[in-house]
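Report on the following structure.
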Amino acid sequence: MKKLMSGLALSALFVSTVFAQDISAEKGKGIFEAKGCAVCHKKDMDTIGPSLATIARAYLGREIELVSYLRGQGPAIVDPARASVMNPQLVKIRMLFDPEMQAMATYIVSSNDRPF
């Protein structure tokens, strides 16, 4: 019985974590679109900026570094030669609250695995 209860508790924790990440990613998608990021960053195609797939691969497991870059406090690791194009856009998002910034980073990093 204890094993069953432990298994159920672990399953509930996993589901709630995945659900929370999905909510965070959805919130992040809304912020990403509202701030105009989707104009330059497409899912699978480099345009004015690198694709979301490219960014997601580069920052997978490095969300803290992505947040730092988005705040204008860290270097670009995706196409640093073109990072100056992004600098004026960072002003639009630099002052987001931590949960909003984290949601956007979660969306970006998880976008490679999500349909649009």
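Please indicate, with yes or no, whether at least one residue in region 102-111 is surrounded by fewer than 16 Cβ atoms within 10 Å (Cβ to Cβ) and either in contact (Cβ under 8 Å) with a residue 12 or more places away in the chain or polar (S, T, N, Q) (or both). Within region 102-111, not a single residue is surrounded by fewer than 16 Cβ atoms within 10 Å (Cβ to Cβ) and either in contact (Cβ under 8 Å) with a residue 12 or more places away in the chain or polar (S, T, N, Q) (or both). Each residue in region 88-98 was checked for being free of Cβ contacts under 8 Å to residues at least 40 places away in the same chain and more than 22 Å from Asp46 (Cβ to Cβ), and 5 pass. Within the set of pairs 6+ apart or on separate chains, which have a first residue in region 68-87 that is at positive phi and exposed (fewer than 15 other Cβ atoms within 10 Å of the Cβ), a second that is assigned to a helix (DSSP H, G or I) and at pLDDT 90 or above, and C-beta atoms under 7 Å apart? Short answer, once both residue conditions are applied: Gly72/Leu90.
Anything in region 42-99 that is of a type in the set (Val, Ile, Thr) and out of contact with any Ser or Thr (no Cβ under 7 Å at 6 or more places or on another chain)? List them, or say none.
Just the residues of region 42-99 that are of a type in the set (Val, Ile, Thr), to begin with: 47-48, 54-55, 64, 67, 77-78, 85, 91, 93.
Listed by number, the residues that qualify are Thr47, Ile48, Thr54, Ile55, Ile64, Val67, Ile77, Val85, Val91, Ile93.
Could you please let me know if Ala56 is without any contact (Cβ under 8 Å) to a residue 24 or more places away in the chain and among the hydrophobic types (A, V, I, L, M, F, W, C)? Walk me through it before giving the result.
Values: without any contact (Cβ under 8 Å) to a residue 24 or more places away in the chain: no; among the hydrophobic types (A, V, I, L, M, F, W, C): yes.
Criteria not met by Ala56.
The values are calculated or read from the model by the stated rules, or taken from the named source; none is laboratory data. What you see is a predicted model; the values in this text were computed from it and never measured. Glycine gets a Cβ as well: all are built from the backbone with ideal geometry, and neighbour counts include every protein chain shown.
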